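Taken together, the values in this text are just the output of simple stated rules run on the coordinates, not laboratory data. Bear in mind that the values here come from a model prediction, so they are computed numbers and not experimental data. So basically every Cβ, Gly included, is an ideal-geometry build from the backbone, and we count neighbours across all protein chains shown.
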Amino acid sequence: MTTQDTQHEVAPNTPRVEPDGVSIRAVYVFCGVLILTLILVQPIIVWLTRMQPADRVTEPAPLPVGLHGAQHWVDAPGELAAIREQEEQKLSRYAWVDRERGIVRIPIERAMQLMAQRSTDAHASTETREASHAP
């Protein structure tokens with residue numbers, strides 16, 4: 001037997017274990033290349049950012065226009081207060097949504113009262129039905 005054969009011999013009762021496939025040298029090489037890349041790329045990024053003229057003023061992007069021409073982004077407190085007032089009026093007043101089909105908007109407080117009343121009435125009628133079916 002050669003020395004190479006004796007290195008791979010295993011005692012008969014020794015369990016076989018998969019060799020560790022991690023090479024420390026490969027890890028060091030990878031880290032070195034990564035650090036070198038970062039060191040080389042950083043000056044390029046600094047150079048590119050300094051190439052942009054400092055006196056160049058960029059205009060802000062136009063605000064997006066949503067449904068029915070309403071702007072979704074509001075930056076002025078006065079505009080925000082006006083929008084909130086309009087929303088409050090919609091939530092607190094009666095109005096026609098579609099007069100031809102008979103659809104009406106009611107105040108939210110009244111809608112919650114009606115829903116609570118319907119829920120209570122439905123619960124009571126369910127209890128009445130169950131009581132009448134009881135033996």
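Side notes on the structure shown:
- Under the Karplus curve 6.51 cos²θ - 1.76 cosθ + 1.60, θ = phi - 60°, whole-Hz ³J(HN,Hα) for the range 101-116, x wherever Gly or Pro sits: 8, x, 9, 10, 9, 10, x, 5, 4, 5, 5, 5, 4, 5, 5, 5
- Each of L36 and E85 was given a label point 7 Å from its Cα along the Cα-to-Cβ line. The distance between the two points is 6.8 nm.
- Close amide H partners of R105, meaning residues 5 or more places away or on another chain with modelled amide H under 5 Å apart, are A95, W96, V97.
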